[in-house]
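So the structure is just underneath, and the comments pick up after that.
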Amino acid sequence: MTWSLPEEASAAVGISRKLAAFHLDKLVASGPLQALHDRQGQRRVGRAPKAYEPAPHVLALSLPPRRHELLASLLARAVTEQRPGESTQEASLRVARERGGAFAAEATGTDVTAFLEALGFDAAPAMWSEGSPRLTAAESRRVSG
């Protein structure tokens, strides 16, 4: 595998080396990258610079197909049910929250995996192996409303 230094990452995306190193360290902490101190690079005084590479485990991500009809119905409802003094964005967010609440009510007491699969998600339980990223309690509350 090819190891990358923060200098290379910062040049590739046009940010400072310090900011690139910060984000690379965050990715190491959350799992998709691993780091080591680069001993093959130029010899410098002090500690050898950190180098980064993708972690050996595979990160799988599955997105459901886009549901344009759902988006269109939410936007149409937001426009037709917009309240006095409510912006279009506020109406859209309110309608989307209401629809999300309806989804949550439908899922209550059911097999969540089957419910998510019915919506087009690949919710395979194997994804949630020990050591995989989890939502914190605060993140979970934000997601569930």
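The values are calculated or read from the model by the stated rules, or taken from the named source; none is laboratory data. Keep in mind the model is a prediction, meaning the values are calculated, not measured. Using ideal geometry, Cβ is built from the backbone for each residue, glycine included, and neighbour counts are taken over all protein chains shown. Heavy atoms of the whole protein, side chains included, go into the accessibility calculation; ligands, DNA and RNA do not. Shrake-Rupley method; radii C 1.70, N 1.55, O 1.52, S 1.80 Å.
Within the full protein context, the accessible area of H68 is estimated at about 120 Å² for a probe radius of 1.4 Å. Solvent-accessible area of R94, all protein chains in place: 30 Å² (probe radius 1.4 Å, heavy atoms, ligands and nucleic acids excluded). Between R67 and A12, the modelled labels are 3.5 nm apart [label points 7 Å from Cα along Cα→Cβ].
Label separation (A29 vs E106): 3.8 nm, computed from points 7 Å beyond Cα along the C-beta direction. Each Lys or Arg adds one and each Asp or Glu takes one away; over the other residues whose Cβ falls under 15 Å from the Cβ of V13, this sums to +1. Residues whose amide H lies under 5 Å from that of L33, counting only those 5 or more places away or on a different chain, are V28, A55; hydrogens are built 1.01 Å from N in the peptide plane.
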